[in-house]
1. Among the residues of the stretch 1-54, write down those that are among the acidic types (D, E) and closer than 18 Å to M133 by Cα.
2. Part of a loop (DSSP other than H, G, I, E, B) and acidic (D, E), is that true of D101?
3. Looking at I46, is it in contact (Cβ under 8 Å) with a residue 24 or more places away in the chain, surrounded by 15 or more Cβ atoms within 10 Å (Cβ to Cβ) and in contact with a Leu (Cβ under 9 Å, 6 or more places away or on another chain)?
4. Criterion first (open to solvent by 20 Å² or more (accessible area, probe 1.4 Å), under 18 Å from the mean Cα position of the chain (by Cα) and over 21 Å from G188 (Cα atoms)) does T94 satisfy it?
5. Taking the stretch 9-34, which residues are in contact (Cβ under 8 Å) with a residue 24 or more places away in the chain and open to solvent by 10 Å² or more (accessible area, probe 1.4 Å)?
6. Being closer than 27 Å to L59 by Cα, touching a Phe, Trp or Tyr at 6+ places or on another chain (Cβ under 7 Å) and touching a residue at least 12 places away in the same chain (Cβ under 8 Å), is that true of even one residue in the stretch 150-158?
7. Considering each residue of the stretch 1-60, count those that are β-branched (V, I, T), at pLDDT below 95 and assigned to a helix (DSSP H, G or I), and give that number.
8. Starting from the stretch 208-224, take each residue that is open to solvent by 70 Å² or more (accessible area, probe 1.4 Å) and list its partners that are part of a helix (DSSP H, G or I) and not hydroxyl-bearing (S, T, Y), counting only C-beta distances under 8 angstrom and pairs at least six apart or across chains.
Amino acid sequence: MIKYVLIDIDNTLLDFDKCAQTAIKNACNLHGITYERRIYDAFSVINENFWKQIERGELTKDELHRIRWQTIFNHVGVNCDGQEFEKTFRKQVTETAETVDGAKDLLVYLSQKYTVGIASNAAHSQQVHRLEMAGLKDYIDKFFVSWDIGFDKPSKKFYDACVNGFGNPPRESIIMIGDSITADIEGGINSGLKTCWFNKTGAPVPNLKIDYVVNELSEIKSFL
């Protein structure tokens with residue numbers, strides 16, 4: 001029987017795509033850059049590739065912050081100091097908190113039945129602030145973030161720390177909910193947890209032992 005819920009933040013509870021686009025627009029304005037959609041499009045592809053490298057242990061977050069925006073600007077032909085823009089961008093992201101449809105309703109529901117923990121690869125203070133802005137923080141019991149733990153999802157060591165934080169219950173009593181096949185689902189499966197893939201894009205379901213697949217957060221209430 002499931003008694004504990006781990007849930008991802010970005011693109012599961014908070015719409016990171018919308019938040020990032022807003023943050024980029026604001027940062028461009030502050031740096032005197034004319035915002036164009038191609039900047040966001042380049043960010044989406046390059047940022048996702050860098051985070052996959054982090055998940056594989058090929059890149060650190062410090063390295064990401066050092067090279068991300070310079071790589072993007074080189075790609076789109078914008079003349080700007082990438083590291084300075086990175087600082088502005090991250091500050092702007094911290095002040096954005098657009099929720100995914102159904103996120104608050106789901107957390108209110110889960111908090112009445114389970115111990116709920118956040119599982120995130122981002123910075124603790126940033127994520128807590130964003131959840132507070134979105135009105136979601138009060139429904140969360142535990143915060144598990146890689147910056148504090150010292151390991152990123154999908155590392156088993158990250159999930160071991162989450163299990164320890166719940167008081168070492170049986171792993172089959174914990175479910176991991178998230179949008180990332182690699183960080184959330186494969187990481188959860190390899191750590192002996194039950195999993196629920198939030199497949200909001202309707203992508204083909206991979207050949208993995210995923211316990212539940214949903215396209216809308218509201219569907220989770222049907223089995224939890």
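The values are calculated or read from the model by the stated rules, or taken from the named source; none is laboratory data. Please read all numbers here as calculations on a predicted model, not as lab measurements. Here the Cβ is made from the backbone with ideal geometry for all residues, glycine too, and neighbour counts use every protein chain on show. Just so you know, the surface numbers come from the protein's heavy atoms only, side chains and all, with ligands and any DNA or RNA stripped out. Shrake-Rupley method; radii C 1.70, N 1.55, O 1.52, S 1.80 Å.
1. Taking the stretch 1-54 first, the residues among the acidic types (D, E) are 8, 10, 15, 17, 36, 41, 48.
Result: D8, D10, D15, D17.
2. Working: part of a loop (DSSP other than H, G, I, E, B): yes; acidic (D, E): yes.
Criteria met by D101.
3. Values: in contact (Cβ under 8 Å) with a residue 24 or more places away in the chain: yes; surrounded by 15 or more Cβ atoms within 10 Å (Cβ to Cβ): yes; in contact with a Leu (Cβ under 9 Å, 6 or more places away or on another chain): no.
No.
4. Numbers: open to solvent by 20 Å² or more (accessible area, probe 1.4 Å): yes; under 18 Å from the mean Cα position of the chain (by Cα): yes; over 21 Å from G188 (Cα atoms): yes.
Answer is yes for this residue.
5. Restricting attention to the stretch 9-34, the residues satisfying the condition of being in contact (Cβ under 8 Å) with a residue 24 or more places away in the chain are 9-15, 17-20, 22-24, 26-27, 30-31, 33.
Result: D10, N11, D15, D17, K18, T22, N26, L30, H31, I33.
6. Of the residues in the stretch 150-158, the ones closer than 27 Å to L59 by Cα are 150-158.
Next, only the ones that are touching a Phe, Trp or Tyr at 6+ places or on another chain (Cβ under 7 Å) stay: 151-152, 157-158.
If we keep only those that are touching a residue at least 12 places away in the same chain (Cβ under 8 Å) too, we end up with 152, 158.
Yes, the stretch 150-158 contains at least one residue that is closer than 27 Å to L59 by Cα, touching a Phe, Trp or Tyr at 6+ places or on another chain (Cβ under 7 Å) and touching a residue at least 12 places away in the same chain (Cβ under 8 Å).
7. Number satisfying all stated conditions: 1.
8. Listed by first residue and then by second, the contacts come to K209/I189; Y212/I220; S218/D105; S218/L106; K221/L106.
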